[in-house]
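Accompanying notes for the structure given below.
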Amino acid sequence: MKLLWESWLPRRTKMKVIFLQDVKGKGKKGEIKEVPSGYAQNFLIKKNLAKEATNQAIGELKGKQKSEEKHAAELLAEAKQVKEQLEKEENRLQFTEKVGPDGRTFGSITAKKIAEGLQKQFGIKVDKRHIELEHPIRAIGLIEVPVKLHKEVSAQIKLNIKNSAE
């Protein structure tokens, strides 16, 4: 038996949405979740934070995710290939600097110089921001410098810094 006032209560229906942006406490970008329909229509969809999860929208999302995964795999493979090139024994980056009487160079070797040297000597393009130097190098000799090529791939660049007077 249904009470009269029960028919006046709003129905609590849920709606599936695809989040277009991160919404704190509700979902992350690309997620498909069920949320109350009023919340979805009056807040999420109006503010372009989400869209209704129709079959077409879900298909587009899956296609986009596949292409992003493929692109990420290509970047990882490229980073591994650059790592192999950098860590070959014959790929030692050469620098000649003027050295003072205390054994320190007059100039310093920065991440920018290392990136330019890799491009000139070996044709390997590495972003200077990925070369992890705590401070510019001012010593001579053989030095290894770490490079972060990808979030999963790191390598070591071998530098040979010589005195220009030798």
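Just so it is clear, none of the values below were taken in a lab; they were calculated from the coordinates. Keep in mind that what you see is a predicted model, and the values were worked out from it rather than measured. Ideal geometry is used to build each Cβ from the backbone, glycine not excepted, and the neighbour counts take in all protein chains shown.
Annotation: the antiparallel percentage among DSSP beta bridges lying fully within the chain is about 80. Computed per residue of the chain from DSSP H runs no shorter than four, each worth -39500 (n - 2.57), the mean residue ellipticity at 222 nm is -9000 deg cm²/dmol. About the centre of its Cα atoms, region 63-166 shows a dipole size close to 280 debye [charges on the beta carbon of Lys, Arg (+1) and Asp, Glu (-1) only; nearest 20 debye]. Diffusion coefficient of the chain by Stokes-Einstein, Kirkwood radius over Cα pairs, 10 °C, 1.306 mPa s: 76 µm²/s.
When the pairs 88/148; 46/66; 47/70; 80/128 are compared against a 23 Å limit on Cα-Cα distance, 46/66; 47/70 fall above it. When you filter the trypsin sites (Lys or Arg not before Pro) in region 105-166 for DSSP loop state and at most 11 other Cβ atoms inside 10 Å of their Cβ, you are left with 125, 151.
Taking label points 7 Å from Cα along the Cα-to-Cβ direction, residue 106 and residue 43 give a separation of 6.7 nm.
Between residue 164 and residue 127, the contour length at 0.36 nm per residue exceeds the alpha carbon distance by 10.6 nm.
Entry note, region 83-163: relative contact order of 38 percent, from Cα contacts under 8 Å with a spacing of 6+ residues.
Stretching residue 119 away from residue 67 to a fully extended chain increases their span by 15.7 nm, per 0.36 nm per residue minus the current alpha-carbon distance.
Straight-line cross-link partners of residue 98 among the lysines, defined as a Cα under 18 Å from its Cα and at least 8 positions apart when in the same chain: 113, 162. Between residue 84 and residue 55, the FRET efficiency estimated from the beta carbon spacing at R0 = 41 angstrom works out to 0.40.
At q = 0.18, 0.19, 0.20, 0.28 Å⁻¹ the log10 of I(q)/I(0) for region 12-74 amounts to -0.63, -0.68, -0.74, -1.17, computed by Debye summation with a single uniform scatterer per C-alpha, solvent ignored. Compute the helix-to-body angle for 55-86: its Cα long axis versus the longest principal axis of the chain, expressed 0 to 90° and rounded to tens. Helix 55-86 sits at roughly 10 degrees to that axis.
Expressed as an acute angle from 0 to 90° and rounded to the nearest 10, what is the orientation of the C-alpha long axis of helix 111-122 relative to the principal long axis of the chain? Orientation of helix 111-122: about 70 degrees from the principal axis.
Scaling the Cα radius of gyration of region 52-130 by the globular reference 2.2 N^0.38 Å produces a ratio of 1.86.
In this rough spin-label picture, where each label sits 7 Å from Cα along the Cβ direction, the residue 16-residue 76 distance is 2.8 nm. Between residue 144 and residue 28, residue separation times 0.36 nm minus the direct Cα-Cα distance comes to 37.7 nm.
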